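K.L.:
Quick one: structure below, then a few questions.
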Amino acid sequence: MNIQSALSEANKILAKNNIKSSKLDSEILLSKILNKDRKFIILNLDKLLDYAHYKEFKYLVSQRLTKKPIAYIVGKKDFWKYEFYISDGALIPRPETELIVEEVLRIFRYKDKLNVLEIGIGSGCLLLSILKEKKYFKGVGIDISKKCVDLSKINALKLNIKNRVKFFKTDVDNFFYDKYDLIISNPPYIKKNDLKYLELDVAKHEPRLALDGGIDGVSEIIKVIDKSSKLVKKGGKLILEINFNQGDKVKNILRRKGFFINKVLKDLGKKDRCIVSTKL
Ligand code: GLN
């Protein structure tokens with residue numbers, strides 16, 4: 001069997017099972033098996049695929065049929081300018097979270113040194129992307145999940161910034177270390193009752209811990225704001241990712257905790273996605 005037939009077979013099965021990106025997914029999975037990039041695959045469609053590789057490919061396709069996200073199957077995901085290792089204990093990096101990186105780089109374009117805290121690091125993609133862009137920034141990241149802390153450490157090592165970042169496995173409530181110029185967070189913000197409406201890929205495979213924002217969707221955001229009001233320096237910034245319909249509620253919570261609202265950033269779908277605030 002050649003590459004083309006293997007791809008078209010996989011594409012057909014995936015499409016029949018309602019996997020929307022069936023063609024792209026087939027190509028990514030075969031790239032993983034052959035340890036080549038997608039360009040190679042597309043340029044070598046008539047190359048023969050040996051049986052061992054074909055069998056491995058079929059296995060990965062069968063995993064995708066369970067709606068397991070591609071990032072978990074191949075163990076990596078691009079975010080900002082870098083590639084991150086990903087495992088199923090961590091939320092898969094989303095493009096909308098890059099808004100925070102962009103905004104931080106804009107706000108602090110003339111700053112060389114900064115002490116940054118991230119609450120809820122997941123794979124570490126957000127904090128590490130910022131540190132990678134700003135050579136003298138220092139970071140601390142916390143997460144309640146040990147898997148996430150371990151994964152972030154591996155990613156820090158991979159990006160060669162392990163000496164400028166510390167990670168702690170802790171609940172936000174029990175963390176009292178240092179004062180920060182900037183705190184960033186993409187906390188779980190989906191209402192508990194809405195989790196079942198998420199796409200199956202997300203609902204079945206991504207960690208509840210990273211998604212479940214309690215009955216009202218803002219319980220974790222409130223914890224993050226409470227703690228940040230104590231850990232951020234006066235005049236320091238807090239930047240949060242939120243759900244599209246939480247803007248007004250979160251702005252009010254921030255104001256009550258002594259923050260000035262600088263702006264609300266919209267994602268590509270023109271929905272409220274991030275709030276930038278300053279501690280008064
Ligand atoms: N943006 C994610 C989603 O919609 C949710 C991330 C979060 O809860 N912080 O799947």
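K.L.:
Helices (runs of 4 or more DSSP H) wholly in the range 1-60 with at least 2 residues that are more than 22 Å from Asp78 (Cα to Cα) and open to solvent by less than 50 Å² (accessible area, probe 1.4 Å) - which ones?
P.N.:
Output list reads 3-16.
K.L.:
Now for a separate question. State which residue is farthest from Lys257 (Cα to Cα) when the search covers only the range 198-231 and only residues that are in a loop (DSSP other than H, G, I, E, B), open to solvent by 30 Å² or more (accessible area, probe 1.4 Å) and near the ligand (Cβ under 9 Å from one of its atoms).
P.N.:
Restricting to residues being in a loop (DSSP other than H, G, I, E, B), open to solvent by 30 Å² or more (accessible area, probe 1.4 Å) and near the ligand (Cβ under 9 Å from one of its atoms), the top hit is Glu199.
K.L.:
Filtering the range 232-280 down to residues that are of a type in the set (S, T, N, Q) and under 12 Å from Leu182 (Cα atoms), which residue is least open to solvent (accessible area, probe 1.4 Å)?
P.N.:
Looking at the filtered set, the residue picked out is Ser277.
K.L.:
Would you point out the residue of the range 157-180, among those that are among the aromatic types (Phe, Trp, Tyr) and in a strand (DSSP E or B), that is most open to solvent (accessible area, probe 1.4 Å)?
P.N.:
Phe168
K.L.:
Test each condition in (1) assigned to a helix (DSSP H, G or I); (2) surrounded by fewer than 22 Cβ atoms within 10 Å (Cβ to Cβ) for Lys135 and report the one that comes out false.
P.N.:
Tallying (1) assigned to a helix (DSSP H, G or I); (2) surrounded by fewer than 22 Cβ atoms within 10 Å (Cβ to Cβ), Lys135 fails exactly one: (1).
K.L.:
Suppose we keep only residues that are in contact (Cβ under 8 Å) with a residue 40 or more places away in the chain and in contact with a Leu (Cβ under 8 Å, 6 or more places away or on another chain) within the range 138-151. Which one would you say is surrounded by the most Cβ atoms within 10 Å (Cβ to Cβ)?
P.N.:
Applying the filter and picking the extreme gives Val140.
K.L.:
Look through Leu209, Leu265, Leu240 and report the one residue that is of a type in the set (A, V, I, L, M, F, W, C), over 30 Å from Gln63 (Cα atoms) and touching a residue at least 60 places away in the same chain (Cβ under 8 Å).
P.N.:
Leu265
K.L.:
Sticking with this structure for a sec: Identify the single condition in (1) at pLDDT 95 or above; (2) open to solvent by 20 Å² or more (accessible area, probe 1.4 Å) that Gly122 does not satisfy, given that it satisfies every other one.
P.N.:
It fails just one condition, (2).
K.L.:
Look at Val116 and say whether it is outside any helix (DSSP H, G or I) and open to solvent by less than 20 Å² (accessible area, probe 1.4 Å).
P.N.:
In short, yes.
K.L.:
Now, a different point. Residues being loosely packed, with under 15 Cβ neighbours inside 10 Å and either under 27 Å from Leu209 (Cβ atoms) or aromatic (Phe, Trp, Tyr) (or both): count how many of those fall in the range 77-89.
P.N.:
Total meeting the criteria: 2.
K.L.:
Of the residues that sit in the range 90-107 and are open to solvent by less than 20 Å² (accessible area, probe 1.4 Å) and assigned to a loop (DSSP other than H, G, I, E, B), which one is nearest to Ile130 (Cα to Cα)?
P.N.:
Here the residue is Pro93.
K.L.:
What is the number of the single condition among (1) part of a strand (DSSP E or B); (2) touching a residue at least 60 places away in the same chain (Cβ under 8 Å) that Pro187 does not meet?
P.N.:
The failed condition is (1).
K.L.:
Taking the stated definitions as given, is Ile70 modelled with pLDDT of 95 or more and within 16 Å of the ligand (Cβ to nearest atom)?
P.N.:
The answer is yes for Ile70.
The values are calculated or read from the model by the stated rules, or taken from the named source; none is laboratory data. Being a predicted model, the structure only gives us computed values, none of them experimental. Here the Cβ is made from the backbone with ideal geometry for all residues, glycine too, and neighbour counts use every protein chain on show. Keep in mind that these areas ignore ligands, DNA and RNA; they rest on the heavy atoms of the full protein, side chains included. Shrake-Rupley method; radii C 1.70, N 1.55, O 1.52, S 1.80 Å.
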